[in-house]
Amino acid sequence: MAKATLAIASRNYGSWSLRGWLLCKLAGLDFKEVVVSSDDPSTRAELLLLSPSFLVPCLTHDGVKVWDTLAIAEYLDELHPDAGLMPKARAARARCRSISGEMHSGFSNLRSALPMNLKARYPGFKMWAGAQADIDRICTIWRECLVEHKGPYLFGKKPCMADAMFAPVATRFITYDVKLDAECAAYCKTIMAMPQMQEWIKAAQDEHEEFEELDVEF
């Protein structure tokens with residue numbers, strides 16, 4: 001029986017839930033999922049980015065409750081240090097933390113203009129300048145990491161915390177038909193092909209909840 005539970009929200013729209021879930025999967029944690037109803041006002045506020053704090057996903061393990069994706073990542077790395085959630089080299093670990101933190105606290109224009117929506121596709125989506133600046137910065141991060149650590153993931157041959165943090169961005173780039181250079185496009189394909197991502201996406205396709213606020217219209 002699993003010693004841990006992970007509370008998540010919508011799989012289709014919940015970018016933070018995806019990050020927390022991926023972290024648990026990459027750590028090899030035995031956990032049970034608890035899906036929080038999107039009818040709950042606080043959960044809905046989080047999905048719409050209207051909440052001052054994000055309490056989903058929330059990991060409960062051996063009586064310890066951890067929320068916030070960065071806190072979950074640090075906790076899991078302490079719990080399973082051999083899982084490779086963070087690189088072993090000190091400099092690489094520092095960079096992994098830095099870009100994960102940048103994803104965690106930044107890119108607000110991207111979040112608001114391109115909400116995660118795994119079921120949707122918007123070919124030819126017109127990008128506004130603020131979102132494009134965020135896209136350019138993310139692609140710079142990806143290219144630098146892929147060149148330095150030789151890919152196919154940001155820090156080498158295995159996915160780590162940084163890949164979990166940027167995974168929802170890869171889905172956004174596909175949903176909104178974002179034009180990418182060959183290296184960044186290949187990285188998106190690598191992320192989307194991960195067995196864990198395929199498992200999450202399949203479950204998202206089976207969801208019946210819809211948020212009009214997160215379904216972009218032209």
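The values are calculated or read from the model by the stated rules, or taken from the named source; none is laboratory data. None of these values were measured; they are calculated from a predicted model. Backbone-built Cβ (ideal geometry, glycine too); neighbour counts: all protein chains shown.
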| Looking at C184, C139, which one is surrounded by 14 or more Cβ atoms within 10 Å (Cβ to Cβ), under 20 Å from R93 (Cα atoms) and under 19 Å from the mean Cα position of the chain (by Cα)? | C139
| Tally, over region 121-135, of residues that are within 17 Å of A185 (Cα to Cα) and under 18 Å from the mean Cα position of the chain (by Cα) | 2
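Residue-by-condition table, conditions (1) more than 20 Å from L18 (Cβ to Cβ); (2) in contact with a Phe, Trp or Tyr (Cβ under 8 Å, 6 or more places away or on another chain); (3) not charged (D, E, K, R):
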| position | (1), (2), (3) |
| --- | --- |
| E78 | yes, no, no |
| L85 | no, no, yes |
| C96 | no, yes, yes |
| M103 | no, yes, yes |
| N117 | no, yes, yes |
| R121 | no, no, no |
| A129 | yes, no, yes |
| field | Filtered residues of region 150-162 (kept if touching a strand residue (DSSP E or B) at 6+ places or on another chain (Cβ under 9 Å) and either more than 20 Å from L23 (Cα to Cα) or surrounded by fewer than 17 Cβ atoms within 10 Å (Cβ to Cβ) (or both)) | value | K150
| said: Which condition from (1) without any contact (Cβ under 8 Å) to a residue 60 or more places away in the chain; (2) surrounded by 14 or more Cβ atoms within 10 Å (Cβ to Cβ) is the one that T69 breaks? | reply: (1)
| remark: Heads up, the helices (runs of 4 or more DSSP H) in region 67-172 (entirely inside) with at least 1 residues that are at pLDDT 95 or above and in the same structural domain as M192 (by TED's automatic domain parsing) are 90-105, 108-113, 129-149
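I'd like to know if region 97-112 contains one or more residues that are of a type in the set (A, V, I, L, M, F, W, C) and touching a Leu at 6+ places or on another chain (Cβ under 7 Å). Reasoning before the result, please.
Keep residues of region 97-112 that are of a type in the set (A, V, I, L, M, F, W, C), which gives 99, 103, 107, 110.
Subsequent filtering for residues that are touching a Leu at 6+ places or on another chain (Cβ under 7 Å) retains none.
Among the residues of region 97-112, not one is of a type in the set (A, V, I, L, M, F, W, C) and touching a Leu at 6+ places or on another chain (Cβ under 7 Å), which makes the answer no.
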| request: Give N109, N117 a once-over and let me know the one that is within 25 Å of I201 (Cα to Cα), crowded, with 19+ Cβ neighbours inside 10 Å and either of a type outside the set (S, T, Y) or out of contact with any Pro (no Cβ under 7 Å at 6 or more places or on another chain) (or both). | output: N117
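Across region 11-32, what is the total count of residues that are more than 13 Å from the chain's Cα centre (by Cα) and more than 23 Å from A162 (Cβ to Cβ)?
We begin by selecting, within region 11-32, every residue more than 13 Å from the chain's Cα centre (by Cα); these are 27-32.
Those still in the list that are more than 23 Å from A162 (Cβ to Cβ) too: 30, 32.
Qualifying residue count for the region: 2.
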| note | All-but-one check, A89 against (1) under 20 Å from R19 (Cβ atoms); (2) of a type in the set (A, V, I, L, M, F, W, C); (3) more than 19 Å from the chain's Cα centre (by Cα), failing number (1)
| said: Please go through region 150-169 and give me each residue that is of a type in the set (K, R) and either touching a residue at least 12 places away in the same chain (Cβ under 8 Å) or in contact with a Ser or Thr (Cβ under 6 Å, 6 or more places away or on another chain) (or both), ordered by number. | reply: K158
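Would you check if there is a residue in region 118-134 being of a type in the set (A, V, I, L, M, F, W, C) and in contact with a Ser or Thr (Cβ under 7 Å, 6 or more places away or on another chain)? Walk me through it before giving the result.
At the first step, the residues of region 118-134 found to be of a type in the set (A, V, I, L, M, F, W, C) are 118, 120, 125, 127-129, 131, 133.
Still in the list and also in contact with a Ser or Thr (Cβ under 7 Å, 6 or more places away or on another chain): 118, 120.
Taking every residue of region 118-134 in turn, at least one turns out to be of a type in the set (A, V, I, L, M, F, W, C) and in contact with a Ser or Thr (Cβ under 7 Å, 6 or more places away or on another chain).
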